[in-house]
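Colleague: Sharing a structure below in structure tokens format, with a few things to ask.
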Amino acid sequence: MFRLSHYMRQLVEPTPVRKRGNGAVKPVVIWNLTRRCNLRCRHCYTTSADVAFPGELTNQQAMETLEDLGRFGIPALILSGGEPLARPDLFHIAKRARGMGMYLALSTNGTQVVGETADQVAKIGFDYVGISLDGIGATNDWFRGREGAFDEALAGIRACKARGIKVGVRFTITRDNEHQLPELLDLCDCEGIDKFYLSHLVYAGRGDKHRGEDARWNHSRRAMDLLIDRAWIAASEGLPLEIVTGNNDADAVYFLRWAEDRFPAEKVAHLEAHLEAWGGNSSGVGVANIDPQGKVHPDTYWSDYTIGSVKEAAFSELWTGDDPMLQQLRLRPRPLKGRCGACTYKAVCGGNTRIRALQLTGDPWAEDPACYMEDAEIGIEADAPRLTTRPFKGKSHDPVHNFN
């Protein structure tokens, strides 16, 4: 996740650059508690539906895993789905996690966060609730597969705000909804929403099936222009809306180039040092995923690559083991190829989102087709056609054969 507002503030009120630790990073864990969901979103990376899925963790298995996460000392836990509220023991799990003192977030479609459910969310004390909206009104309903989903999610946002819960909107940009980004930002202002998260499409689950709907490069650039403008106004005027982006670490490079055109060299150097300390894509490093069946992945989109299962070994053991893909993902620089390998800003973006390269080429180290930077902007000479999306043609290749 690229915290645009945070780094924008470095241009207004600089702070010291944090130093990287020598030890292993304890990851933020995104835990998909269930695949069950009352919606059917076009870009759902878990291919969820409103049915019971076999093999999901029992309450006992989930609680044992939670205890291990607490002992391991993870900094944050994000409870997700499917729709996590579809899991009957969600609040039992959340209450125990809250008691461990870890940062606790709920990732939901928002349609059920009202009444007694909203009261429970407030009572447990979630630090943050993220609610997905993919447009205004009918546009959102089409993406989410149900009429009325927008109004229900908006009611969930308002219920959170009424109870003093920090709430954010997550928006996945595609070529079919990118034109509604300004309206969504206006909605955030009108409703007093605390955070806006723009997510780029990742080719996993139904998101892979509909990869042909991914935003074009000019759409991504136009979206970043708008977000940077809003983030600058907020930083310079002390406004509260926090803006972050996810799943395309080229956003940080685009922002750095924006700063280069507008600020003195010393401020740009300070910003770049902060961005390099962050390091871009964190799959397998600062972020981890546990899926509904207890399988552990480098992040939520790597469903075809499993490190192991918490049904058979503790998460802490799996994460600190000698898994070959984790070892590769933790290299700096990573063994990138193509224009990603030649890019001047590898230390900033970390090679971007590897799963898109994997889905298109079978090689997790090929260039990311969603990088919207021009060759000249990232210090390379164009000598080959750019990799772009192509229609879905069945199951992706197994990454285990493409480590080197």
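The values are calculated or read from the model by the stated rules, or taken from the named source; none is laboratory data. These figures come from a predicted structure and were not determined experimentally. Positions of Cβ are backbone-derived with ideal geometry, glycine not excepted, and every protein chain shown enters the neighbour counts. Ligands, DNA and RNA are excluded from the accessible area calculation, which covers all protein heavy atoms including side chains. Shrake-Rupley method; radii C 1.70, N 1.55, O 1.52, S 1.80 Å.
Colleague: Run the numbers on segment 268-347 and let me know its relative contact order in percent, using alpha-carbon pairs under 8 Å that are six or more apart.
Modeller: Worked out over segment 268-347, it gives 22 percent.
Colleague: Percent of Cα-Cα pairs per 10 Å bin, from 0 to the last occupied bin, for segment 211-313, please list those.
Modeller: 12, 31, 30, 18, 7, 0
Colleague: Ala49's amide H: which non-local residues (gap 5+, or another chain) put their own amide H closer than 5 Å, with H modeled 1.01 Å from N in plane and none for Pro or chain starts?
Modeller: HN-HN under 5 Å from Ala49: Cys37.
Colleague: Take the cross-link list Lys195/Lys267; Lys195/Lys311; Lys26/Lys311 and give me the ones stretching past 24 Å between alpha-carbons.
Modeller: Lys195/Lys267; Lys195/Lys311
Colleague: Identify the chymotrypsin sites (Phe, Trp or Tyr not before Pro) of segment 214-317 meeting these criteria: DSSP loop state and at most 16 other C-beta atoms within 10 Å of the C-beta.
Modeller: none
Colleague: With +1 on each Lys and Arg Cβ and -1 on each Asp and Glu Cβ, and nothing else charged, work out how big the dipole of segment 24-96 is about its Cα centre, in Debye to the nearest 20.
Modeller: With Lys and Arg at +1 and Asp and Glu at -1, about 200 debye.
Colleague: Something else: Towards the positive end of the charge dipole of segment 241-396, with charges on Cβ (+1 Lys, Arg; -1 Asp, Glu), say which of Tyr345, Ala252, His297 has the farthest Cα.
Modeller: His297
Colleague: Can you divide the C-alpha Rg of segment 106-164 by 2.2 N^0.38 Å and report the result to two decimal places?
Modeller: So the Cα radius of gyration is 1.10 times the expected 2.2 N^0.38 Å.
Colleague: Same structure again: Ignoring ligands, DNA and RNA, what accessible area per residue does segment 1-81 give at 1.4 Å, in Å²?
Modeller: Per-residue value: 50 Å².
Colleague: Evaluated at 25 °C with a viscosity of 0.890 mPa s, what Stokes-Einstein diffusion coefficient in µm²/s does segment 266-323 have when Rh comes from the Kirkwood expression over alpha-carbon pairs?
Modeller: Calculated translational D: 190 µm²/s.
Colleague: Taking the Cα atoms of segment 145-290 alone, what are Rg (to one decimal) and Dmax (as a whole number) in Å?
Modeller: Cα radius of gyration and Dmax of segment 145-290 are 16.8, 52 Å respectively.
Colleague: Among Val17, Val296, Val113, which one shows the highest mean-square fluctuation when the chain is modelled as a Gaussian network with alpha-carbon springs under 10 Å?
Modeller: Val17
Colleague: Got the relative contact order for segment 33-93 handy, in percent, Cα pairs under 8 Å and 6 or more residues apart?
Modeller: Reported as a whole number, the value is 51 percent.
Colleague: With a 1.4 Å probe and every protein chain kept in, tell me what percent of the accessible surface of the chain is carbon plus sulfur.
Modeller: 50 percent
Colleague: Sticking with this structure for a sec: Å³ per residue of the Cα convex hull, for segment 70-110?
Modeller: 68 Å³
Colleague: Take every Cα pair under 8 Å in segment 42-178 that's 6+ residues apart, average their separations, divide by the length, and report that relative contact order as a whole percent.
Modeller: That works out to 23 percent.
Colleague: Still on this model: Bins of 20 Å, beginning at zero and ending with the bin holding the largest distance: percent of Cα pairs per bin for the chain, please.
Modeller: 27, 62, 11
Colleague: Okay, next question. Once a ≥ b ≥ c are taken as the square roots of the eigenvalues of the Cα gyration tensor of segment 298-345, is the result rounded (a/c under 1.5), prolate (a/b larger than b/c) or oblate (a/b not larger than b/c)?
Modeller: Because a/c hits 1.5 or more and a/b exceeds b/c, segment 298-345 counts as prolate.
Colleague: Another question, if that's okay. Where Rh denotes the Kirkwood radius from the mean inverse Cα pair distance, what is Rg over Rh for segment 252-390?
Modeller: 1.03
Colleague: Provide Rg over Rh for segment 1-96; use the alpha carbon set for both Rg and the Kirkwood Rh (inverse mean inverse pair distance).
Modeller: 1.10
Colleague: Test of understanding: given the chain, find the longest segment containing no GluC sites (Glu not before Pro) that are in a DSSP loop and have at most 13 other Cβ atoms within 10 Å.
Modeller: 148-311
Colleague: Measuring from centroid to centroid over Cα atoms, what is the spacing of segment 227-257 and segment 279-331 in Å?
Modeller: Taking the Cα centre of segment 279-331 as reference, the centre of segment 227-257 is 29 Å away.
Colleague: Starting at the first residue of segment 81-97, write each ³J(HN,Hα) from the Karplus equation 6.51 cos²θ - 1.76 cosθ + 1.60 with θ = phi - 60°, in whole Hz, x for Gly and Pro.
Modeller: Going residue by residue, I get x, x, 10, x, 5, 6, 8, x, 9, 3, 6, 5, 5, 5, 5, 5, 4 Hz, with x marking Gly and Pro.
Colleague: I need the phi-derived Karplus couplings for segment 152-158: 6.51 cos²θ - 1.76 cosθ + 1.60, θ = phi - 60°, integer Hz, Gly and Pro marked x.
Modeller: 5, 5, 5, 4, x, 4, 5
Colleague: In addition: Taking the Cα centre of segment 17-127 as the origin and placing charges on Cβ (Lys, Arg +1; Asp, Glu -1), which of Pro75, Gln60, Leu90 is farthest toward the positive end of the dipole?
Modeller: In segment 17-127, that residue is Pro75.
Colleague: Now, a different point. Mean-square fluctuation check for the chain, GNM, Cα pairs under 10 Å: which of Gly115, Gly125, Gly192 is largest?
Modeller: It is Gly115.
Colleague: No partner Cβ under 4.7 angstrom, meaning no disulfide-compatible partner by this rule: which Cys of the chain qualify?
Modeller: Within the chain, the cysteines lacking a partner Cβ under 4.7 Å are Cys37, Cys160, Cys188, Cys190, Cys340, Cys343, Cys349, Cys371.
Colleague: Give a residue-ordered list of calculated ³J(HN,Hα) values for segment 333-340 (Karplus: 6.51 cos²θ - 1.76 cosθ + 1.60, θ = phi - 60°; whole Hz; x for Gly, Pro).
Modeller: x, 6, x, 6, 10, x, 5, 5
Colleague: Ok, one more. Considering every Cα-Cα pair within segment 31-155, what fraction, in whole percent, is farther apart than 24 Å?
Modeller: Of all Cα-Cα distances in segment 31-155, 28 percent exceed 24 Å.
Colleague: For the chain, modelled as a GNM with alpha-carbon contacts under 10 angstrom, which of Ile233, Ile74, Ile307 fluctuates the most?
Modeller: Among Ile233, Ile74, Ile307, the largest GNM mean-square fluctuation belongs to Ile233.
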